[in-house]
Amino acid sequence: MIQDKFKNWKHITKLDPDREHTLALIEQVLHSGTDAIVIGGTQGITAQKTARLLEMTRTVVGSSLPICIEISHLETIQPGADGYFVPVVLNAGSVEWLIGAHQKALTSFSFILEHLNIDLNKLLIPEGYIILNPYSAAAQKTAANTELTAVDIISYCLLAQYLFKLPIIYLEYSGKLGSLDIVSQIKRHTKGTRLFYGGGITTPEAAYDFAQYADTIVVGNVVYQQPELLKSIVEAAKT
């Protein structure tokens, strides 16, 4: 079950369906030492792009690594992934990204799920997202309130853990290196919940620093900008 696996992942590589991919690039990801591949993005997402990237990734990876999809849009719901991460944006400015889009997805696909007799407990992993870069596409899309103090962020984490019972808290700086101090403070308040960190990690040094506090490091942009660094970043995250 994917729920049993993600708790041991130290590094995740995120691939964006809206970017160009080659089999050679995915080969680099496979051999980098990353623990899993997550397909997901914010802009330009279509069913065709998502399905094509999933097919390419499966062709290269086979069953060597878990391949998951992060559901940021209805079009990303494609069959064939090992699991599906479902973001619940805790600091969203609209209820759409807290519960609205999720309800619509289940409305659209409930018949298919019942017909296929799928156990959602084995496939769906909810994430308590806190988006902290106001200039990111994710913040713009969700109208996220990014003007948060450390106390505010800790409160969201406590909400995720004790009220919503979410298995993951995801601090998302999306393209910008975040605050190491914030991550360290959040870690002190996470008990039994896995802390994901994503944003701006483009060097092994940054990966090492953030991995001292975050349970799982997520990288994406460096795959396309400097793929030759991915292996050393993964090694640093696991040190």
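With the highest mean first, a sort of the peptides 193-200, 57-64 on other beta-carbon atoms found within 10 angstrom per residue produces 193-200, 57-64.
Dipole size in debye (nearest 20) for the chain around its Cα centre, Lys and Arg Cβ +1, Asp and Glu Cβ -1?
Details: 19 positive and 23 negative charges, 72 e Å.
Computed charge dipole of the chain: roughly 340 debye.
Extents of the chain, largest first, come to 44, 41, 32 Å (Cα atoms, principal axes, whole angstrom). The stretch 173-199 and the stretch 68-106 have Cα centres spaced 21 Å apart.
What does the charge dipole of the stretch 25-84 about its Cα centre add up to, to the nearest 20 debye, if the Cβ of each Lys and Arg holds +1 and the Cβ of each Asp and Glu holds -1?
Working: 3 positive and 6 negative charges, 29 e Å.
It works out to roughly 140 debye.
As a check on your grasp of the helix formula, calculate [θ] at 222 nm for the chain: sum -39500 (n - 2.57) over DSSP H runs of n ≥ 4, divide by the residue count, round to the nearest 500. Rounded to the nearest 500, it is -10500 deg cm²/dmol.
Under a model in which nothing but the beta-carbon of Lys, Arg (+1) and Asp, Glu (-1) is charged, the stretch 100-239 shows a dipole of about 260 debye around its Cα centre. Other residues within the sphere of radius under 15 Å centred on the Cβ of V95, judged by their own Cβ, net out at +1 (K and R +1, D and E -1). The length gained by stretching the chain between D18 and K176 to full extension, at 0.36 nm per residue less their Cα-Cα distance, is 55.0 nm. Pairs with C-alpha atoms separated by more than 25 Å, drawn from the list K10/K231; K141/K187; K122/K176; K5/K187; K191/K238; K49/K165, are K141/K187; K122/K176; K49/K165.
Here, each number is a calculation from the coordinates, and none is a lab measurement. Here the structure is a predicted model, which means the values were calculated and not measured. Virtual Cβ from ideal backbone geometry, glycine too; neighbours counted across all protein chains shown.
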